[in-house]
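For reference, the structure is listed below as structure tokens.
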Amino acid sequence: MTNSILASVAALGMLTAIGRAVLPVSAQDNGIPPLVITAFNGGIAASYTVPRTPWGDPDFQGSWTSDDASFPVSRPRNQAGLYLSDDLWTQRQKQIQTTLANSDSEGGAFRNDIARRAFRQTSAIVDPVDGRMPAFTPEAEKRRAPRDFGTFGDGPFDWTTDFTLYDRCITRGIVYSAVRSPYGNGVRIFQSPGVVAISYEMVHDTRVLYTDGRPHINKGLKQYLGNSRGHWEGDVLVVETTNLTDQTSIDAPNGRGLRHSDKMKLTEKIKRVARDIVQYQVTVRAVPSDRRGSGHLCPSVHAIPALDPAPGRQVAAVRMPRRQPRA
């Protein structure tokens, strides 16, 4: 039996699909679902030719943001299906336009960290089909501890390990670095022959993804962001991440919640589907004892979604112009 969660996200400038799948650790690529394209709100995708780097790889370079991923990770129980009804879709569009119209007259440090366009998704999770996170198993529940929520919990706070890695400004983990937060959703992608680098605005993690065929490091070496190796399947960048620790979580925003096993593996699929949209998907594979149920949970989260091609937005306390995505 396979436990899996697949998330798919679309966001401004970049569409992101984030998927979490809990598959047996022995599962290979044939257990990974295909890329789910949610960027076009259930409609027909527009024809688009992905630009190429001088050395021939698909070109994703530029600054992106998940600000437009204004839907929840898990689907509300009062909604059915991956996409909103016409009435709810109209309401979301009006809400975003109202927020955008009022943003210039509002103060605050994060007034530009807002959605600028609406996507129809009801949740980032698209598989299981109910769009909700599978329950933990009793075995996984044994790992639950006050430290899982750090400063968002009740303590005790006696030592550094009583806090989350997010509390300590170390990392939010891979999955929740791609999920929209109230602020700091910028992502920059850099490429050179044989390597892709993804740099997150929040907590400033930078991941170096080698695509030159080198193997993973020794499985005994564990890292907060694991060890990632990528390869190209046509226009899709596929990234396999192993060697994770058991110090982060995919259960709640910013890496809070019951921590996963150090045997968890991630498979990301990234494709540029329009000039200003990149679809991102992550499938989480963990030991079967972590989650109940089977299938792929595909949360559609505008994580690295569209890199906001807007002329500028506030980053920290400084207004910086955004780099326009390459045509």
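The values are calculated or read from the model by the stated rules, or taken from the named source; none is laboratory data. Model, not experiment: these values are computed from the prediction. Note that each Cβ is placed from the backbone with ideal geometry, even for glycine, and that neighbours are counted across all protein chains shown.
Counting only residues that are crowded, with 17+ Cβ neighbours inside 10 Å, more than 19 Å from Thr242 (Cβ to Cβ) and modelled with pLDDT under 95, the range 190-215 holds 4 of them. Quick check on the range 61-81. Is at least one of its residues crowded, with 19+ Cβ neighbours inside 10 Å and more than 19 Å from the chain's Cα centre (by Cα)? No: the range 61-81 contains no residue that is crowded, with 19+ Cβ neighbours inside 10 Å and more than 19 Å from the chain's Cα centre (by Cα). When each of Gly131, Gly155 is tested for being of a type in the set (Gly, Ala, Ser) and touching a residue at least 60 places away in the same chain (Cβ under 8 Å), the lone residue that passes is Gly131. On the basis of being among the polar types (S, T, N, Q), at pLDDT 90 or above and surrounded by fewer than 19 Cβ atoms within 10 Å (Cβ to Cβ), does Thr161 make the cut? Against the criterion (among the polar types (S, T, N, Q), at pLDDT 90 or above and surrounded by fewer than 19 Cβ atoms within 10 Å (Cβ to Cβ)), Thr161 qualifies. Taking the range 86-118 as the range and being in a loop (DSSP other than H, G, I, E, B), modelled with pLDDT of 80 or more and either hydroxyl-bearing (Ser, Thr, Tyr) or in contact with a Pro (Cβ under 8 Å, 6 or more places away or on another chain) (or both) as the test, only Asp113 passes. Just for the range 164-189: of the residues that are of a type in the set (Val, Ile, Thr) and assigned to a strand (DSSP E or B), which one is modelled with the highest pLDDT? Here the answer is Ile189.
Here Pro305 meets the list (1) out of contact with any Gly (no Cβ under 9 Å at 6 or more places or on another chain); (2) of a type outside the set (S, T, N, Q); (3) at pLDDT below 50; (4) more than 28 Å from Pro146 (Cβ to Cβ) almost entirely, failing just condition (1). Looking at the range 129-142, can you tell me whether even one residue there is under 18 Å from the mean Cα position of the chain (by Cα) and under 20 Å from Gln223 (Cβ atoms)? Looking through the range 129-142, none of the residues is under 18 Å from the mean Cα position of the chain (by Cα) and under 20 Å from Gln223 (Cβ atoms). Name every residue in the range 243-280 that is of a type in the set (Gly, Ala, Ser) and within 20 Å of Phe149 (Cα to Cα), in order of residue number. Within the range 243-280, Ser249, Ala252, Gly255, Gly257, Ser261 meet the criteria.
Residues that are of a type in the set (Lys, Arg), more than 14 Å from the chain's Cα centre (by Cα) and not in a loop (DSSP other than H, G, I, E, B) within the range 205-256 comprise Arg229, Arg256, listed in sequence order. For the range 112-122, state whether one or more residues are closer than 16 Å to Gly257 by Cα, surrounded by 14 or more Cβ atoms within 10 Å (Cβ to Cβ) and in contact (Cβ under 8 Å) with a residue 24 or more places away in the chain. Scanning the range 112-122 turns up no residue that is closer than 16 Å to Gly257 by Cα, surrounded by 14 or more Cβ atoms within 10 Å (Cβ to Cβ) and in contact (Cβ under 8 Å) with a residue 24 or more places away in the chain.
Out of the residues in the range 164-185 that are of a type outside the set (A, V, I, L, M, F, W, C) and surrounded by fewer than 16 Cβ atoms within 10 Å (Cβ to Cβ), which is nearest to the chain's Cα centre (by Cα)? Among them, the one singled out is Pro182.
Of the listed requirements (1) farther than 30 Å from Ser70 by Cα; (2) among the polar types (S, T, N, Q); (3) out of contact with any helix residue (DSSP H, G or I) (no Cβ under 7 Å at 6 or more places or on another chain), Thr161 misses just one: (3). Just one residue in the set Leu266, Leu244 is buried (at least 24 other Cβ atoms within 10 Å of the Cβ), over 18 Å from Gln121 (Cα atoms), at pLDDT 90 or above and not acidic (Asp, Glu); that residue is Leu266.
Close contacts from the range 173-199, counting a first residue that is over 22 Å from Lys222 (Cβ atoms) and a second that is of a type in the set (Gly, Ala, Ser), with Cβ to Cβ under 6 Å and a gap of 6+ residues or different chains, come to Val179/Ala303; Arg180/Ser66; Arg180/Ala69; Asn185/Ser66; Arg188/Ser63; Arg188/Ser199; Phe190/Ala197.
Within the set Gly230, Gly312, the sole residue that is modelled with pLDDT under 90, surrounded by fewer than 24 Cβ atoms within 10 Å (Cβ to Cβ) and either under 14 Å from Val175 (Cβ atoms) or out of contact with any helix residue (DSSP H, G or I) (no Cβ under 7 Å at 6 or more places or on another chain) (or both) turns out to be Gly312. Considering only residues of the range 204-224 that are of a type in the set (Ser, Thr, Tyr) and touching a residue at least 12 places away in the same chain (Cβ under 8 Å), which is nearest to Leu165 (Cα to Cα)? Only one residue tops the list, namely Tyr224.
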